[in-house]
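Here's the structure we're looking at; comments come further down.
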Amino acid sequence: MKYFINTMGCKLNENDSEKIAGMLIEMGYEETTSPLDANIVVFNTCCIRENAEEKLFGKLGELKNIKAKNNMIICVGGCMSQEEHVVEKIKQSYNYVDVIFGTHNLHKLPEMIQNRIEENKKQIDVWDIDGIIVEDLPMKRTSEKNALVTIMYGCNNFCSYCIVPYTRGRERSRKPEDILKEVRELASKGYKEIMLLGQNVNSYNGGENYNFSNLLRDIDKIEGIDIVRFMSPHPKDFTDDVIDAIAESKSVCKVIHLPLQSGSSNVLKLMNRKYTKEHYLNLVEKIRAKVPGVSFTTDIIVGFPGETEEDFEDTLDVVRKVDFEQVFMFIYSVRKGTVAERMDGHIPEETKSTRFNRLKELADSMTAESIKKYVGTVQKVLVEGESKTNPDVLTGRTRSNKIVNFVGDKNLIGKEVDIEITSEHVWYLKGNVVID
Ligand code: SAH
Ligand code: SF4
Ligand code: F3S
């Protein structure tokens with residue numbers, strides 16, 4: 001009996017899929033790489049932007065005819081299941097879906113599948129209360145090199161464009177001891193790199209006098225974990241103690257993902273982000289002063305309701321000033337039930353896409369420029385394996401996440417080595433192993 005999971009969302013969603021896979025394996029299923037020969041297909045959905053919905057319905061449609069052949073059980077979970085109109089649509093138009101579960105009752109999936117089999121009845125159970133935190137679920141990790149570690153669930157920020165607070169509920173933090181236990185286990189299994197996940201990691205609350213900075217410091221002490229990344233911090237909650245913890249740690253990566261969303265204080269106010277352009281730029285300067293060599297990546301939304309040409313220019317201005325390593329760009333997408341849905345001044349599609357292209361042009365040229373500074377430097381590179389296109393070449397990533405290709409012995413795979421960078425090729429670097 002085989003399972004196939006289609007993960008459609010963010011890193012948190014990916015980590016949930018690792019738990020779903022763990023539970024299915026415990027039930028006796030094996031993984032398969034195609035839905036066509038699977039007995040259980042799970043869609044772990046995302047609804048952060050509009051196109052996600054069409055994607056799910058298209059895929060459900062594709063399975064309609066092969067379902068009977070494999071005696072297939074189709075399950076839909078994740079963020080879309082938390083939306084009432086989606087559940088209604090599945091019930092009406094895709095009534096061959098067997099199980100619908102939500103983000104708060106993921107741990108109930110095995111029981112729901114079992115009930116579906118025994119009672120031969122559709123199972124729909126979506127909770128709208130904040131789920132309890134269930135520790136020690138089995139997990140089948142997708143990568144053997146870098147592991148995802150969720151430290152908190154939910155979001156309290158209600159940025160006016162965003163659906164996440166509605167689909168993931170209020171903030172709940174895992175206990176520090178549970179997180180540290182997981183990280184120690186990862187280290188003992190040979191993991192070198194971890195990514196700490198939460199919608200707003202800076203509001204991690206591990207109890208009295210234990211915040212995100214304490215967690216970073218405690219993780220830094222764990223032997224074997226060389227690289228710690230985190231996603232995402234919110235600029236409004238980036239406190240000095242977190243900056244100090246980053247500066248003083250050996251393992252915390254000196255590339256920080258710091259979502260900007262917009263460079264205009266007017267738009268930021270409409271977005272309910274609770275910071276201004278100046279606050280963001282000051283924060284970047286403050287971090288730069290304390291963390292030598294730090295660089296930044298960001299998320300930007302283009303075409304938010306009410307965004308004027310001047311507002312958009314402010315965004316370009318911040319992009320130029322901060323000199324991001326990478327900018328993840330999104331065209332604003334209306335989400336049902338959010339505050340921004342009801343705002344005036346929605347931007348025509350054409351203007352949105354023109355602005356998107358202008359931003360992309362600027363960001364691409366800056367990325368191309370920023371990679372040049374690596375040439376001639378020595379970088380710590382975690383070696384991931386052979387290059388896909390040439391088995392004689394090894395490939396790895398710098399601590400700042402840049403791909404580096406070099407010739408080296410295969411026993412370097414899994415280790416962090418010093419590489420002198422000799423040339424840049426826009427999307428990757430080439431170099432030589434430093435022999436000391
Ligand atoms: N918690 C994270 C973001 C999670 S969503 C944070 O606050 O940064 C990932 C990204 O999707 C966001 O940073 C935002 O840039 C984008 N996004 C969220 N809602 C969107 C919407 N309605 N339209 C377009 N992009 C959106
Ligand atoms: Fe969405 Fe804002 Fe929460 Fe991020 S912080 S998940 S953008 S509401
Ligand atoms: Fe998508 Fe839900 Fe993540 S909406 S981005 S899967 S939290």
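The values are calculated or read from the model by the stated rules, or taken from the named source; none is laboratory data. In this text, all values refer to a predicted model and were calculated from it rather than measured experimentally. In this analysis, Cβ positions are derived from the backbone assuming ideal geometry, glycine residues included, and neighbour counts consider all displayed protein chains. Areas reflect the complete protein model, heavy atoms only, side chains present, ligands, DNA and RNA absent. Shrake-Rupley method; radii C 1.70, N 1.55, O 1.52, S 1.80 Å.
Considering only protein heavy atoms and a 1.4 Å probe, what is the carbon-and-sulfur percentage of the accessible area of the stretch 1-52? Write out the running numbers ahead of the final one.
Values: 1010 of 2120 Å².
Carbon and sulfur: 48 percent of the exposed surface of the stretch 1-52.
Give the carbon-plus-sulfur fraction of the accessible surface of the stretch 176-245 in %, rounded to a whole number; probe 1.4 Å, heavy atoms of protein chains only. Working shown, then result.
Working: 1160 of 2730 Å².
Percent of accessible area from carbon and sulfur atoms in the stretch 176-245: 42.
Binned at 5 Å from 0, what are the whole-percent values of the Cα-Cα distance distribution for the stretch 223-306, short to long?
Answer for the stretch 223-306: a P(r) of 3, 13, 25, 23, 15, 10, 6, 3, 1, 0 percent.
Determine how large the accessible area of His107 is when every protein chain is in place; take a 1.4 Å probe and give Å² rounded to the nearest 10.
Roughly 50 Å² of His107 is accessible to a 1.4 Å probe.
Placing one identical point scatterer on every Cα of the stretch 29-84 and ignoring solvent, what is log10 I(q)/I(0) from the Debye formula at q = 0.13, 0.16 Å⁻¹?
Here the Debye-derived log intensity ratios amount to -0.35, -0.51.
Which far-off residues, 5 or more places away or on another chain, put their amide H under 5 Å from the one on Val393, with H placed in the peptide plane?
Placed amide hydrogens put Ser387 under 5 Å from Val393.
Just report the Cα centroid separation between the stretch 356-425 and the stretch 299-341, whole Å.
After rounding, the separation between the Cα centres reads 29 Å.
What number comes out for accessible area per residue over the chain if the probe is 1.4 Å? Units Å², please.
Accessible surface, normalised per residue, equals 46 Å².
What are the principal axis extents of the Cα atoms in the stretch 297-402, in Å, biggest first?
Reported extents, whole Å, longest axis first: 56, 29, 21.
Measure up Lys55/Lys236; Lys388/Lys415; Lys336/Lys388 against 30 Å on the Cα-Cα distance and list the ones that go over.
On the way: Lys55/Lys236 34 Å; Lys388/Lys415 18 Å; Lys336/Lys388 42 Å.
Where the Cα-Cα span goes over 30 Å, the pairs concerned are Lys55/Lys236; Lys336/Lys388.
Under the classification rounded if a/c is under 1.5, otherwise prolate if a/b is larger than b/c and oblate if not, where does the stretch 1-128 fall, given a ≥ b ≥ c as square roots of the Cα gyration tensor eigenvalues? Walk me through the numbers on the way to the answer.
Working: a/c = 1.27, a/b = 1.16, b/c = 1.10.
It comes out rounded by the Cα gyration axes.
Taking every Cα atom in the stretch 55-110, find the radius of gyration and the maximum pairwise distance Dmax, and write them in Å.
11.3, 32
Considering the Cα positions of the stretch 103-256, please state its Rg to one decimal place and its Dmax as a whole number of Å.
Looking at the stretch 103-256, its Cα Rg and Dmax stand at 17.3, 57 Å.
Apply the a/c threshold of 1.5 to the C-alpha gyration tensor of the stretch 298-342 and tell me whether it is rounded, prolate or oblate.
Details: a/c = 3.61, a/b = 1.71, b/c = 2.12.
Oblate shape, in that a/c is at least 1.5 and b/c is the bigger or equal ratio.
Mind computing the radius of gyration and Dmax over the alpha-carbon atoms of the chain? Å is fine for both.
Computed over the Cα atoms of the chain, radius of gyration and Dmax are 22.7, 67 Å.
If you wrap a convex hull around the C-alpha atoms of the stretch 75-170 and split its volume per residue, what is the figure in Å³?
On the way: hull volume 13.1 nm³, N = 96.
Given the Cα convex hull of the stretch 75-170, per-residue volume reads 137 Å³.
In what sequence, largest accessible area first, do Glu307, Glu54 appear using a 1.4 Å probe?
On the way: Glu307 10, Glu54 125 Å².
So, going from the largest accessible area down, we get Glu54, Glu307.
The stretch 341-436: which trypsin sites (Lys or Arg not before Pro) are DSSP loop and have at most 13 other beta-carbon atoms within 10 angstrom?
Values: sites: Arg342, Lys352, Arg355, Arg358, Lys360, Lys372, Lys373, Lys380, Lys388, Arg397, Arg399, Lys402, Lys410, Lys415, Lys430; in loops: Lys373, Lys388, Arg399, Lys402, Lys415.
Here the sparse-neighbourhood loop sites are Lys373, Lys388, Lys415.
At 1.4 Å probe size, with no ligands or nucleic acids counted, give the accessible surface of Asp244 in Å², nearest ten.
That residue has around 50 Å² of solvent-accessible surface.
So what's the gap between the Cα centers of the stretch 64-138 and the stretch 237-279, to the nearest angstrom?
Centre-to-centre distance over Cα atoms comes out at 37 Å.
How big is the stretch 242-354 on each of its three principal axes, counting only the C-alpha atoms and giving the largest first in Å?
Its Cα atoms span 46, 28, 21 Å along the three principal axes.
Which semi-axis lengths, in whole Å and largest first, follow from the square roots of five times the eigenvalues of the Cα gyration tensor of the stretch 156-221?
Details: eigenvalues 131, 41, 19 Å².
Over the Cα atoms of the stretch 156-221, the semi-axes work out to 26, 14, 10 Å.
Sort Met80, Met329 by accessible area with a 1.4 Å probe, largest first.
On the way: Met80 0, Met329 35 Å².
These residues rank, largest area first, as Met329, Met80.
Ignoring everything except DSSP H segments at least 4 long, calculate the 222 nm mean residue ellipticity for the chain; use -39,500 (n - 2.57) per segment, divide by total residues, nearest 500.
Details: 12 runs with 151 residues, N = 436.
One gets -11000 deg cm²/dmol as the mean residue ellipticity at 222 nm.
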